[in-house]
Every structure is written in structure tokens, then in C-alpha cells.
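Okay, so here's the structure we're looking at.
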Amino acid sequence: MQIYAFSKTRVLIAAHDAHTGEDYLCSECQGRLRLREGKWRRPHFYHLKGSDCPSSGKSLIHLHTQYLIQKNLFPDPVFLEKPFPEIRRIADVAWPAKKIVFEIQYSPISAEEVRSRNLDYQKVGYQVVWILHDSRFNQHRLTEAELFLQTSPHYFTNINRFGEGIFYDQHAHISHNIRIGRSPRFAIRLQGLTPLKQVPRQLPEERKTWKIRIEGDLSYHLPLPSYKKKKRRRIPLIRLLYHSLLEKTTS
């Protein structure tokens, strides 16, 4: 399901602002699109002919996130599903002017796959910025991918299936792979991405290896506002032994 397309004048238009019977262009394959809507159907674009366009297999939230990144970076040329044949990769969003690739992650991913993508895009001169959806990431316990990404650029989003939400940054105190305290959410402006030329002394150590900053992120809020670290709840040893014994006697 496609919810954004280009008009004949190359203006990005949402399906709910489009008109039935007019031709539109797919932002990925440049194929002709038309609007489809109805009383019980969400407005969306469809290809006039059978298509193997990559956008057809993406979730609605993933598509919304891609198109909102593209919209936020307008008028810079930004490409969705940009192929990089030399490394056999297809980027979710590529921003050639800044040599940036945005990888959107809504589903589980291994730390090894994150590492592999970062290295591959580095070979062709691109920096990866990860956009992690907080329905799966930024939870109480860090995933392996998040642990690996502590020293690489990544941000979060809460964009929903209606295209509502924000891109944001958030710092957390981490102990044994658990977030035990968090800063407020800091909304970011993707078009304000710049190289991190001077590393602020108050920047958390894991952030000092990042090569970029985005307007509104953590580096714009130093020193960090104070926030409480939640104490980890410790279960007394005697209680653990009791429950262990109880399980053995009831099994």
C-alpha cells in the first residue's frame, strides 16, 4: 500500500490530498499511479500495471517513516529503496548530498546484521543513521542490536499507521543491558544533520564516536537535565532458594 506519490510537477502528495482519475508517479520505480479510495477503504495509490516495486512489500508504518524522512529533507534529492549494486544493498532512504543512508528498523534485527550494513555502506562512502521504532526498541531491556549501536548514530520514532509521530533522541542510564533511567524525549529535525566536528566534553562517552549530530538531539541539550535513575529491584537470596525448592517439590 502506497500512501505518498509525486505529482506531475514533482511535488510529494499524500493519498488523502490526491484526486481520483489523475496520474501520479511512484517515488521509487517512477511508474504511473492512480488513487484508490472508498467508504471502507483507506486512500492509497496503486500501480496501473503489475509491478514488482519494492514498496509493495513494506508495512504501512515502515512506508510512512520512509516518506516522512523524504518529505522532511525536501527540496534535497532523496531516494527511497536506493540500490547500491556494488555492495548488494538497497537503502531504505539515501541522501546523496550528505552521503547519508537512513535504515528504518521496525522488526527484529541481529547485531551482526547491523554491523554488516554499517561496514558495507562505509565502503561506498556513506554513513548509516538508524531509525528504530519504539514499538520494539527503546524498551526496558536493550536488544543486541541496540547494544551494538551505542557507539553508532541511531534515533527513535513513534510514527503510527496514520503517519503521526515524531523522530526523537533519548538518553538512558544502562546497567546490565537494562535502562534504569531516561532523559526526556528530544524531538529532532532531520534536515538539521551536520558533521560532529567538535565533541562536547559533557557528551556521554558512547556518543563521542558518532560522526554526525542532528538538530535537537542530545548534543543540543548539554548539560543533560537531571533525571532519576531507577534502582533495580533485587530479590533476596532466601526468596530465590524458597521458590526453587517449591518448584522441585511440586514437579
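The numbers here are math on the coordinates, done by the rules we state, and not lab data. Keep in mind that what you see is a predicted model, and the values were worked out from it rather than measured. FYI the Cβ positions are ideal-geometry reconstructions off the backbone, even for glycines, and counts take in every protein chain you see.
What the table shows:
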| read-out | value |
| --- | --- |
| Fewest-first ranking of Val124, Val101, using other Cβ atoms within 10 Å as the exposure measure | Val124, Val101 |
| Mean separation of Cα contacts under 8 Å, 6 or more apart, over the residue count of the range 58-250: relative contact order % | 15 percent |
| Shape call, the range 79-118: gyration tensor on alpha carbons, a/c limit 1.5 | prolate |
| Packing-based ranking, highest mean first, of 192-205, 78-91, 141-154 given that Cβ atoms within 10 Å are counted | 141-154, 78-91, 192-205 |
| Principal axis dimensions, largest first and in whole angstrom, of the range 33-127 by Cα | 48, 32, 24 |
| Out-of-range pairs (alpha-carbon distance over 23 Å; input Lys82/Lys208; Lys99/Lys197; Lys71/Lys197) | Lys82/Lys208; Lys71/Lys197 |
| Amide proton proximity set for Val128, modelled H, under 5 Å, gap of 5+ | Val101 |
| Cα gyration tensor, the range 127-222 - rounded (a/c under 1.5), prolate or oblate | oblate |
| Gyration tensor (alpha-carbon) shape descriptor, the range 58-250, a/c threshold 1.5 | prolate |
